[in-house]
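Please treat every number below as a calculation from the coordinates, not as lab data. Keep in mind it's a predicted model, so treat the numbers as computed, not measured. Don't worry about glycine lacking a Cβ; one is built from the backbone with ideal geometry, like all the others, and counts go over all protein chains shown.
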Amino acid sequence: MIELAFQLILEFLWIAMYIIAPALFLYVANEAWYRGFHQHTRRVELSTGLVGVPVHELSHAIIAKLFGMKIIELALYRPDPQSRTLGYVNYSYQAGHAWHSIGRFFVGIAPLIGGSLAVLALFHLTGLPKLTQYVTRPDLGVFVGLAGWLRDLATTIDTPAQIGALVLSIMIGTHASPSRSDMTGAASGLISVLIVYLIYRLFTLALPELADRFIYPYFNLHAGAMDLAALITQMAALGAIASGMLAALSFAFALKRKSSINDQVPSG
């Protein structure tokens, strides 16, 4: 029994990596994006926040309500120069309430979910290829299908609506990373989520016929986690491409400026 529990915990951690790895990819892409603007970082952050922050905060609020929590105050976009926050959601929950404990985990990672779905909607409405179409199962083919998706994406963009969708997607993605307080809240609900997962897996192992009939046709945890990983990776890839283009432009500008300075220096 102990061996089975240990195996299921490892399985849970492996599924969690489906989300953690793309989330880290998104975080690195966002850091590179903002660092590329140097002294203009705050201005760019405020500009992209006009779209990204409301999506971020609404994601928190919607999932909090879905788990029965009370929204005390919601600021979709309210930059504070002292705390440097751009928006916030204050909500209340009952300590020790099992459903609220599970909810805190999902409220914490809500920007990843809400941002991913918003970008998915933009891609769907404008006919852009989606990374979920390139993911293979049962293996984790998210990063394997990335190259093919990027190739097809580059050859598909040909309308103003599609260009606009990409710009909006980058604005959403650059604010989709959970904050430190978000991650603290998510961590507080992680044990409750693990317990639910263990119950779910023990049931599917003990009663496989019932699981095949009543659970798997409607809910496949592995497939759902992989789809979410693909959607997060999709946001991160757009940010990474934008960061790379920005870095290339900055480097070219620096070389041009250096060449101009050298031309102005009188020769001996």
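Here are the numbers for this structure:
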item: Under DSSP loop assignment and at most 16 Cβ neighbours within 10 Å, longest chymotrypsin sites (Phe, Trp or Tyr not before Pro)-free interval of the chain; result: 144-217
item: 3J(HN,Hα) from dihedral phi, region 182-195, Karplus parametrisation 6.51/-1.76/1.60, rounded to Hz, x for glycine, proline; result: 4, 5, 5, x, 5, 5, 5, x, 5, 5, 5, 5, 4, 4
item: Sites Leu13 and Leu210 - FRET efficiency at Förster radius 35 Å, r taken between beta-carbons, to 0.05; result: 0.85
item: Cut-off 14 Å, label 7 Å out along Cα→Cβ of Ala154, residues of region 233-247 by amide N; result: 238, 241-242, 244-245
item: Calculated P(r) tail over 32 Å for the chain, as whole % of Cα pairs; result: 33 percent
item: Quotient of C-alpha Rg and 2.2 N^0.38 Å, computed over region 50-126; result: 1.18
item: Point-to-point label distance, Ala98-Met245, nm (Cα→Cβ direction, 7 Å offset); result: 5.0 nm
item: Helix-only [θ]222 nm of the chain, DSSP H runs n ≥ 4, -39500 (n - 2.57) each, per residue, nearest 500; result: -23500 deg cm²/dmol
item: Over region 198-249: Kirkwood hydrodynamic radius from C-alpha pairwise inverse distances, Å; result: 13.7 Å
item: Extension gain from Ile2 to Phe219, taking 0.36 nm per residue of separation minus the Cα-Cα distance; result: 75.4 nm
item: From phi via Karplus (6.51, -1.76, 1.60), per-residue ³J(HN,Hα) for region 22-33 in Hz, x at Gly/Pro; result: x, 5, 5, 4, 5, 4, 5, 4, 5, 4, 5, 4
item: Two-site label geometry, Lys65 and Asp80: point separation in nm, points 7 Å out along Cα→Cβ; result: 2.3 nm
item: Karplus (6.51, -1.76, 1.60) ³J(HN,Hα), θ = phi - 60°, over region 218-227, in Hz, Gly and Pro reported as x; result: 10, 8, 10, 4, 5, 5, x, 5, 5, 5
